[in-house]
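Notes for the one structure printed next.
Taken together, the values in this text are just the output of simple stated rules run on the coordinates, not laboratory data. Note that this is a predicted model, so its numbers are computed, not measured. Neighbour counts run over all protein chains shown; Cβ positions are idealised from the backbone, glycine included.
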Amino acid sequence: MLTYLTLIFSCQLVGELLAQALHLPVPGPVLGMVLLFLFLAIRGSIPRDLEITADGLLRHLSLLFVPAGTGVMLHFRLLGDDWLPIAAALLVSTVLTIVVTALVMTRLSRPAPETPE
């Protein structure tokens with residue numbers, strides 16, 4: 001378990017280093033997830049111990065939102081001052097996410113065209 005936890009955090013660290021070094025507009029943890037995905041795609045399977053480790057992290061995912069919630073409460077006054085643009089951004093991004101998800105699901109759920117024999 002410790003080996004795969006180290007792998008997960010190492011991917012995040014490398015992603016963070018790449019984002020900082022190359023001045024990429026993508027968060028380091030996202031790059032780390034891409035690196036982990038590439039590793040698993042090349043490997044062709046998910047090791048059982050990695051699956052157990054990831055499930056353990058996901059079971060306690062709500063704890064990872066505590067710092068973000070604390071930051072929101074710390075800057076609550078700033079949020080109150082800019083509530084309209086924040087609400088508009090949340091609304092537009094939610095609607096766009098639903099539309100894109102619906103389009104992708106519609107496209108992926110179509111039956112494959114039949115090939116002539």
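What to note about this one:
- Pairs with Cβ under 6 Å, 6+ apart, first in the stretch 7-32 and closer than 19 Å to residue 54 by Cα, second among the polar types (S, T, N, Q) and surrounded by 16 or more Cβ atoms within 10 Å (Cβ to Cβ): 29/12; 32/12
- Of the helices (runs of 4 or more DSSP H) contained entirely in the stretch 1-113, not one carries at least 2 residues that are loosely packed, with under 10 Cβ neighbours inside 10 Å and polar (S, T, N, Q).
- Qualifying residue in the stretch 45-52 (condition: within 14 Å of the chain's Cα centre (by Cα) and among the β-branched types (Val, Ile, Thr)): no
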